[in-house]
Structure formats: structure tokens, C-alpha cells
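The values are calculated or read from the model by the stated rules, or taken from the named source; none is laboratory data. Keep in mind that this is a model prediction, so the values were computed, not measured. Positions of Cβ are backbone-derived with ideal geometry, glycine not excepted, and every protein chain shown enters the neighbour counts. Surface areas here come from the heavy atoms of the whole protein model, side chains and all, with no ligands, DNA or RNA. Shrake-Rupley method; radii C 1.70, N 1.55, O 1.52, S 1.80 Å.
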Amino acid sequence: MTWNIPNVLTVLRLLAAPGVAVMFLYFHRPWADWLALTLFVGAAITDWFDGYLARLWKQESKFGAMLDPIADKAMVLIAIMVITGYSGMNPWLILPATVIFFREVFVSGLREFLGNVAGELKVTKLAKWKTTAQMVAIAVLFLGTGIEYLEGIRMQGMTPEQYAEAVSAGLADPIRTCGGRDCGAYATTVGLVLIWIAAVLTLITGWDYFRKALPHLKDH
């Protein structure tokens, strides 16, 4: 193993994956949400830089090629697990999350079965877009959960209608809105749309990988 900058960035991204969950263990919300969002976005940026620098400086290595997809999957799956828990088990989030989890487990098992042959099945551009879509969706969802927590505190247990009446009566401060909706709901809705898009891409790339692996699964 060579300790060059691309490999160091990959290792840091792998360590950042459980760090997202740890933020909620040591910090109160919404600070945990903001720190998890910052850590996740920072790690996602290194996903582009480590590959770019490795190609630019001709420092590509077997260790980096092995660890890079593992770090990506760890980041995505741990972050989705955390968001699902803090989103109140929203079924509109659980379903695409289940698709993503299933695909990653299925493809990982398929690669393990194929062994050395798995290296012949190259990563497609669509698979890279899939990973990008997942990371963008997760970042937006982290933003939504953080804002919704702040708005929930300001509502102090009131329903939106009761809170609107309290604001009209001068008994509560108005929440800054995004258009006609509150910012948290708006960000969460955008995040849910993006995670569904990511889930569709995840299914397509999973099927593509399975289709390419079929010739290696036939009995002689």
C-alpha cells in the first residue's frame, strides 16, 4: 500500500462514514445535523478529488481501486440509515432506501462470488452518476431534517395552523419561508425526489451489472 494523497483522501472518506452517525451521539440537534451535513459534503467532495488526483499524478493503485467503492457505499448506507431514523420512518424515504440497500448487498455478493472475474465488469458512467445522485439527495435530506428540527422547536409542539394563528396574534415569531412552504418541508421534498431518482438509477445499474455477470454464472 502506498500512502499518497489520493489514498489518504479515500481513507479519510471511509473514516468519515461512521463519523456521520457519531455526530448524533456527541452533539445535540440541530448541531448534529449541521456537523453531519458538513462532514458528509466534505467527504463527498473528496470522492471526486481522489480519483482526479490519482489519474493526474499517475498514482492509481490497487489499494485505492479496492477502497474507493467501499468508502462510497459506507458513506451512502450509513447516512441513509441515520436520515431514515431521524425522519420519523417516512415510507416515502424507506422504500427508495430499501432499493439502494438491496442493490448494494446484491451486487457486493455477486462480486464476491465472481472473484477475479468481477474485475472484468467495469464501472459505467451511469454508475458514477448513480453515486453522485445518492450523495446530492442525502445532503439535501440532511439539510431538510436540520431545518425541520429548528422549525419544530419554534412551533413548540403546535400544529402549523395553530402556529400561524400564534404568529398572527403576535405570540410567536414567524418562520422564514421558502416560497409558500416552510424551508424544512421544501428541502425534504426536494431530497425525497432526488433519492427516488437515485433509487431508479441504482436499480438500472444493478440490473446492468447482473446482466453482464450472467455469462459467468452459467453451468458448463
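On the accessible surface of segment 1-81, probed at 1.4 Å, how many percent belong to carbon and sulfur atoms?
On the way: 3340 of 4560 Å².
C and S atoms contribute 73 percent here.
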Self-check item: Karplus 3J(HN,Hα) series, Hz, for segment 25-39 with 6.51 cos²θ - 1.76 cosθ + 1.60 (x for Gly, Pro)
Solution: 8, 9, 10, 7, 6, x, 4, 4, 4, 5, 5, 5, 4, 4, 5
Quiz item: Taking the Cβ of ILE5 as the center, what net charge do the other residues with Cβ under 13 Å away carry, scoring Lys and Arg +1 and Asp and Glu -1?
Solution: +1
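Counting other Cβ atoms within 10 Å, keep those with at most 11, restrict to DSSP loop, and tell me which trypsin sites (Lys or Arg not before Pro) in segment 60-122 are left. Spell out each step's value before the answer.
Values: sites: LYS62, LYS73, ARG103, ARG111, LYS122; in loops: LYS122.
The qualifying sites are LYS122.
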Quiz item: Whole-Hz Karplus ³J(HN,Hα) for segment 133-139, in order, using 6.51 cos²θ - 1.76 cosθ + 1.60 and θ = phi - 60°, x for Gly and Pro?
Solution: 4, 4, 5, 5, 4, 5, 4
Quiz item: What is the extension gain from LYS212 to VAL123, computed as 0.36 nm multiplied by their sequence separation minus the C-alpha to C-alpha distance, in nm to one decimal?
Solution: 30.9 nm
Self-check item: Gaussian network model of the chain, Cα within-10 Å springs - most flexible of MET23, MET89, MET75
Solution: MET89
Quiz item: What 222 nm value per residue comes from the helices of the chain, counting each DSSP H run with n ≥ 4 as -39,500 (n - 2.57) and dividing by all residues, nearest 500 deg cm²/dmol?
Solution: -27000 deg cm²/dmol
Quiz item: What size of dipole, in debye to the nearest 20, comes out for segment 1-160 about its Cα centre when the only charges are +1 on Lys and Arg C-beta atoms and -1 on Asp and Glu C-beta atoms?
Solution: 300 debye
